[in-house]
Amino acid sequence: MIDFDEELKNFKPSMETSEAEDAIRDKDLTDMIDILKEITASQSTVIRQSAAVAAAAKQNRK
Amino acid sequence: MEKCFNCGNPIGEDERTCRFCGANQRAYRMIMASSEKAYNDGLAKARDHDISGAIESLNRSVRFNKRNTKARDLLGLVYLRYGEPVLALREWVIAKNFDPDDELANRYLDSASSNPGAFEKIDTAAKKFNTAYKYARAKAFDLAALELKNVVRENPDMVKARQLLALIYMQEGEYSKAYSELKAAKEDDENNPLTVRYLKEVRSHLVSGKKKKKKKTDRRSTVSINDGHDVVMMPRQSFIEALDNSKSGLFNILIGIAIGILAFVFLVSPTMKQRENEETRKALITANSTTASSKSDAADLKKQITSLQNKLDKYEGKSDVKGSYENLIKAQQQATGDKADLDAARKTLKEANKKLLGTSGKDLYKSLTAQIDQQTLTTKYDEGKNAFRQRDYDKAIDALKTVVKIDDTYDNGEAVYELAQSYEYKGDTKNALKYYQKVAKDYAQFYRGRSSARKVQQLQQAQQNQQAQTNG
């Protein structure tokens, strides 16, 4: 049996032309490539930090 | 030569990571391939009228790679078809932003701006859908259904409008209407999960409704006979079925004839009689109305005759146009000169018809009348006075009456006073009183008025005395 109020939640009002500007501005444009770039960037930082730590340890040993 | 997506340095085709920045090139290639795959998937679904599936795939494609402008262009088109013009515009604008040379996006945007009528129609439908949605939330189902019908008429491809309309129909228990809307929605968007679910629900209701009907029919078609031992079930037959099943054709024919005769006697014959009566009544009414109109015509003609007679009476004894002018000239001649005859001039002037004269003719008529009156006043007044002095009261009365008739204030009321005196001396107390009273009233402040008042008193006293003597 269909519950009208519950079913009504499946519907959303359509966007009107007056809202077009907001629709474009507020659109989240983050994609998988952005995420991959973020991962790469964070990985590079970690590598750099680890390299720095390793170099420091080597110098201490000397 | 490929370039690293992160730092832009050149990399080999089989390199898994960038030598310069360490970016994972394999993951990048997988993301790009997934985006392309989702685009192809979306394209196939759009071709198969699976709009909601296409939207899902294309959105996935641009989530992998936001710069996939092919996917964005197609997503815009699919949104437009789905009745979401603003979302369509959004996708095209973003696509153009990423790739200013994107021909498709440019073309769609140009088309939206150069053909605003079509785009506005879709936008109006979207606005109406929003209104209907509000009505539906407020449980104003009639208004919502009305609005949604308009939406569907303006944009038949707007699937969600059909779905909401179907939902309202289901809520109202109108499952067949809901079914037709959902069927139309399914044609536009083949695998829409909401449409599929609603269709399933509607079908189940329609099937259960049919089963109930069938049960009722079955119950009606059997009859049970209890003969004391066994219950015999046999099919129920209607009267017509019984007739059809009876083998006696002659019986049927006889019944048919009897029904025909009865129908003629009770239905056709009274109608025919009624029609005849109606025609007679109409003829009578027409005859009566004709007589009445003849009578009224005769009355109108009589009125016209009376009116014309009245007009004719006015002209009797008067001259025509030509005669009126001749009389006018004649009266002028009679009133002027050494041998002026004012009475004759007055008579001649009376014979002229003033109404037939032109403006200048009327002016001459007026001036001539005034001139004759003035001359008459002078002549008759002198004549009256002389006659009074010579005690010829009849002549005096005749002359002075003419004066008073023309101007009853002539010579400051002296003419009226002398007329009253003439009557008094003649012995006509009644007329004398009449004119004395007039002078007494009109000239009460003057000598003639006061003396007239005294005369009135004297004459009235004399009359009373005379009456008393007669009575005594």
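Pairs linking a residue in segment B:389-407 that is closer than 22 Å to B:Gln375 by Cβ to a residue that is modelled with pLDDT under 90 and among the polar types (S, T, N, Q), with Cβ atoms under 7 Å and 6 or more positions apart or on different chains, are B:Thr402/B:Thr376; B:Ile406/B:Thr376. Is there any pair linking a residue in segment B:100-123 that is touching a residue at least 24 places away in the same chain (Cβ under 8 Å) to one that is polar (S, T, N, Q), with Cβ under 6 Å and at least six apart or on different chains, and which? If the second residue must be polar (S, T, N, Q), the pairs left are B:Asp102/B:Thr69; B:Ile122/B:Asn155; B:Asp123/A:Thr17.
I'd like the residue in segment B:63-91 that is within 11 Å of another protein chain (Cβ to nearest Cβ), in a helix (DSSP H, G or I) and touching an Asp or Glu at 6+ places or on another chain (Cβ under 7 Å) and, out of all such residues, is nearest to B:Glu190 (Cα to Cα). Result: B:Tyr79. For segment A:40-57, the criterion of being closer than 30 Å to B:Ala126 by Cα, more than 7 Å from chain B (Cβ to nearest Cβ) and assigned to a helix (DSSP H, G or I) is met by no residue.
Quick check: is even one residue across segment A:23-30 in a helix (DSSP H, G or I) and surrounded by 13 or more Cβ atoms within 10 Å (Cβ to Cβ)? Yes, the conditions are met somewhere in segment A:23-30. Figure legend. Inter-residue proximity from segment B:10-34: first residues closer than 30 Å to B:Glu56 by Cα and within 13 Å of chain A (Cβ to nearest Cβ), second residues assigned to a loop (DSSP other than H, G, I, E, B) and of a type in the set (Lys, Arg), beta-carbon distance below 7 Å, spacing 6+ or different chains. Indicated pairs: B:Gln25/B:Arg16; B:Arg26/B:Arg16.
The values are calculated or read from the model by the stated rules, or taken from the named source; none is laboratory data. Values in this document were obtained by computation on a predicted structure and should not be read as measured data. We place every Cβ from the backbone using ideal geometry, glycine too, and count neighbours over all the protein chains shown.
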